[in-house]
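The values are calculated or read from the model by the stated rules, or taken from the named source; none is laboratory data. Fair warning: this is a prediction, and the values are worked out from it, not measured in the lab. As a convention, Cβ positions derive from the backbone with ideal geometry for all residues, glycine included, and neighbour counts pool all protein chains shown.
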Amino acid sequence: MNLLSLLAQALGVVILADFAAGVVHWLEDAYGSEDTPVVGALLIRPNIVHHHCPRYFTRLSWWQSSWDLLLLGALIIGGAAWADLLTWHVWLFVLLSVNANQVHKWSHMSRGEVGPVVAKLQDWRILLTPRQHAVHHTDPKNTYYCPITNLVNPALEAVRFWDCLESVIETLTGATHRQDTSNRGEGPAPVWIAGYRRPSRPVDAPADLDAEPEGVR
């Protein structure tokens, strides 16, 4: 196998991991509520917090923001090993997927906070940039869900992937995208959001990402 083929396969794995993470992100943003059994408190509530207080999760440790992805990754590794399909592709997919929330977190942090290596990878558009991720945090906050690279989001937006997918789901089940109270005019914010209010941001933090709605800060 030549180098070009290896690079093409690796790029395919990166794109797949970014897309898969985007699907998970979309599901957490679009359906269910904080009162949904089990996943409501564990997955949906943190996403609601994130839309109201975008920089809150930058205070969390890697474990706090990635434990669920680590569990899912372990299941994928175990399943692939059991099926005798545990190739380097699977390892790379899991490595990227388990760290999807960390890359997402970096897109909400200042250059000083992420350090020179991550900042340079963002400059080179290898990792998701704060500028691109800001699109997701612009009302109505219903697109650009993929959190790892700058590659997948524009392609999905070009074909209106998320809109079409939600239209199909609504037609088949009647379920619609959850109201996002962090959007202007769609409040009020849940009372419990007050417990996540963020102190003033670092001077060099990305201003287009950490601005929080009035009354929430």
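Summary table below
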{"read-out": "Residues being surrounded by 17 or more Cβ atoms within 10 Å (Cβ to Cβ), touching a residue at least 24 places away in the same chain (Cβ under 8 Å) and part of a loop (DSSP other than H, G, I, E, B) - total across the stretch 115-140", "value": "3"}
{"read-out": "Top-ranked residue of the stretch 71-98 - restricted to ones that are part of a helix (DSSP H, G or I) and either on the phi > 0 side of the Ramachandran plot or more than 25 Å from the chain's Cα centre (by Cα) (or both), ranked as surrounded by the most Cβ atoms within 10 Å (Cβ to Cβ)", "value": "Ala81"}
{"read-out": "Checklist (1) closer than 15 Å to Ala21 by Cα; (2) surrounded by fewer than 21 Cβ atoms within 10 Å (Cβ to Cβ); (3) within 17 Å of the chain's Cα centre (by Cα) applied to Ile148, failing item", "value": "(2)"}
{"read-out": "Ser66 over 18 Å from Gly12 (Cβ atoms) and touching a His at 6+ places or on another chain (Cβ under 9 Å)", "value": "no"}
{"read-out": "The one condition in (1) at pLDDT 95 or above; (2) among the hydrophobic types (A, V, I, L, M, F, W, C); (3) surrounded by fewer than 17 Cβ atoms within 10 Å (Cβ to Cβ) that Val14 fails to fulfil", "value": "(3)"}
